[in-house]
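The values are calculated or read from the model by the stated rules, or taken from the named source; none is laboratory data. Quick caveat, the model's predicted, so the values are computed rather than measured. Glycine also receives a Cβ, built like all others from the backbone with ideal geometry; neighbour counts cover every protein chain displayed. All accessible areas refer to the heavy atoms of the entire protein, side chains included, with ligands and DNA or RNA removed. Shrake-Rupley method; radii C 1.70, N 1.55, O 1.52, S 1.80 Å.
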Amino acid sequence: MKFTDNCFKSGFVLLIVLLFTSNLFSQINRGNVGIGTLTPDSSAILDLESTEKGFLQPRMSTAERDLINDPATGLAIFNVDDSTHQYYNGTCWINVFQRNCDDCFFTITPSSIADTIDRTQTDSITITLDIVQNTGAAQNIALNIVNVLPQGMSANFSQNPVFSTGSSDLTIKVTPFTPDGSHAIIIQALCGSSIYNIVYSLYLEPCYYLDVNNNQSNYIMSVDLYTTYPQLLLSPNDPVCVVNEVLAGVSLEGTSIPAIPFVPPVPPIPAYSMGPIPTGSRVAIVNNGQIIGAGGDGGTATDPNFGYTGEGFDGGDAIRISANTSVLNNGYIFGGGGGGGAVAFQIGIPLGPIFFGFLIGSGGGGGAGGGDGGNIPTLVGIQFYSQGLDGSDGIFGTPGQGGILQLPINIQQGPVSITINPNVRGGNGGAYGFPGTAGLFQVSLSASIVVNIPFIGPITIPIVTNLNIPIPLPIPAAGDGGYAVKRNGNPLNLTDQVYNTTFLKGRVGN
């Protein structure tokens, strides 16, 4: 009986194997095989079905994969180095999400995704973008800022594009013009059809705002600041960020200091200055009105005995800064014009029996911005003098012309008749922001004496004829034009040069 049972069991197993084999060969004959199903899909050569197990590809490293000899097109593996399914497309091994061998995929990692700028201790921030290309042929990865940056903000990449794998520093700089609060900056990297966006958040601390809404002479920003925000006086050494706006229709003008004999000339007071503010402060000047420096006065005369040099006076500065400054000019910023040089000298000439002394010449014209023309000084003696004209002010201000002395002058000194033939022109004042000019001095003198000779009568005897009168000193210089913006060594967003535009006239610099 035991033998019979064993035979039965063996026969039964053999029957099952034969049935399975018969079914398998039947499927193979039909062109498809099913595992986990007796009815494989007719469109599949191999149909796997399971609710408990998955399909496991060959797993290997990149080095092992590359040792496969003559891989067939379509050969597939799972790369354990990249944790990616890959297949051979006949040319190269590519990831399943790639379209071809050159399709570029990469990762980009910023050193920070949020920062704060206070605009006093610092006005910029730098983050590093680390880029790694992990698929495709090595190629350039371009960087860009997608959104429009707010006013006063700039962004620059130290390296752009980055080739395949590397890093680039992104520096974001702001000014007091940049609106305070949070700003989202979208950084985009592009390689082939792959795009990667990073949203970076930058917070700007607020500035103090000052409006100038009345016409003023010699405006000082710090006085206005501490009057408007007295709490700043509690921390006088803490840097501040200030936005100072001159409203439309407002005029700020500088004034001149009258010249005093024997005292060195004092430069005109600027139309706008900052006054004392803490080191490290930043200031933005938004000018919608007009800021105009005072015109330099024209020279008067040259007489060392009385402290007169004859030189024209410098024009006044429109703006003089004492902090890191940005200027947004929607109005007019004009440095004052320099005053013209005078050509007026004390002359002394011996003429036979007499010594003839006199002052002759012309004053310089006043510079644009209301500079006074050179007037005759209070001197004793004979004077032949043509006063320089004043410069006018306002945005259409013009320089004054130097005095002109050209008509013959006849003088009788006892028995001596003197004729002075002058061609004297005082220097003209300068236009806004520009120097005045030096004058011209050409004077000749003729003199004769009348002598009564007995039995003959009076006879005129020439003493000199057309004697060119030399001047005792060099022609005095004209005054220089005032600065549109004088930096005094502080950073400024304007380029150092001389400007002569509709809205900006004069030097910008130190």
In the chain the accessible area split gives carbon plus sulfur, as whole percent at 1.4 Å, a share of 57 percent
Share of antiparallel DSSP beta bridges in the chain, in percent to the nearest 5?
60 percent
If I take every Cα pair under 8 Å that is 6 or more residues apart in the range 73-142, average their sequence separation and divide by the length, what percent do I get for the relative contact order?
26 percent
At R0 = 30 Å, how high is the FRET efficiency between residue 201 and residue 227 if r is their beta carbon distance? Nearest 0.05 is fine.
0.25
Taking +1 at the Cβ of each Lys and Arg and -1 at the Cβ of each Asp and Glu, which of 455, 284, 481 sits farthest along the dipole of the chain towards its positive end, judged by Cα position relative to the Cα centre?
455
Based on the mean of other beta carbon atoms within 10 Å per residue, what is the order of 227-233, 297-303, most packed first?
297-303, 227-233
If a paramagnetic tag sat 7 Å from the Cα of residue 467 along the Cα-Cβ line, which residues of the range 324-368 would have the backbone N under 18 Å from that point?
345-361
Please figure out what share of the DSSP beta bridges in the range 349-420 is antiparallel and state it in percent, rounded to the nearest 5.
60 percent
Based on the inverse mean of 1/r over its pairs of different Cα atoms, what is the Kirkwood hydrodynamic radius of the range 126-249, in Å?
17.9 Å
Dipole of the chain (Lys/Arg Cβ +1, Asp/Glu Cβ -1, origin at the Cα centre): which of 263, 347, 164 lies farthest to the positive side?
347
Degrees between helix 2-30 axis and first principal axis of the chain (Cα, 0 to 90, nearest 10)
40 degrees
Can you tell me what the convex hull of the Cα atoms of the range 296-357 projects to on average, as an area in nm²?
6.3 nm²
What residues from the range 415-436 fall in the zone where the backbone N is under 19 Å from a label point 7 Å along the Cα-to-C-beta line of residue 453?
415-417
Relative contact order (percent, whole number), the range 21-146, Cα cutoff 8 Å, 6+ residue spacing
13 percent
Report relative contact order for the chain in percent, whole number only (criteria: Cα-Cα under 8 Å, sequence separation at least 6).
9 percent
What does the helix-only formula give at 222 nm for the chain: each DSSP H stretch with n ≥ 4 adding -39500 (n - 2.57), the total divided by the residues, and the result rounded to the nearest 500 deg cm²/dmol?
-2500 deg cm²/dmol
Within the chain, what's the longest stretch lacking trypsin sites (Lys or Arg not before Pro) that sit in DSSP loops with no more than 12 other Cβ atoms inside 10 Å?
100-510
The range 185-234-the range 276-333 distance, computed between alpha-carbon centres (Å):
26 Å
With r as the distance between the Cβ atoms of residue 218 and residue 115 and R0 = 51 Å, compute the FRET efficiency 1/(1 + (r/R0)^6) and round to 0.05.
0.80
Among (1) 27.5, 88; (2) 46.0, 198; (3) 24.5, 84, which is the computed Rg and Dmax of the Cα atoms in Å?
(2)
quick note, the range 228-319, DSSP beta bridge pairs, % antiparallel (nearest 5) is 25 percent
Once the in-chain neighbours fewer than 8 apart are removed, the aspartates and glutamates whose Cα is under 20 Å from residue 173 read 115, 118, 123, 205
Based only on Cα atoms, what mean projected area does the convex hull of the range 67-139 have, in nm²?
7.1 nm²
Average accessible surface area per residue within the chain, 1.4 Å rolling probe, Å²:
51 Å²
Cα centre as origin, Lys/Arg/Asp/Glu Cβ charges: the chain dipole, Debye:
640 debye
Within the chain, longest stretch free of exposed chymotrypsin sites (Phe, Trp or Tyr not before Pro) [DSSP loop, at most 10 other beta carbons within 10 Å]
98-261
If you average the alpha carbon positions of the range 402-460 and of the range 99-169, how far apart do those two centres end up, in angstrom?
78 Å
Report the extension gain between residue 503 and residue 132 in nm, rounded to one decimal, defined as 0.36 nm multiplied by the number of residues separating them, less their alpha carbon distance.
128.6 nm
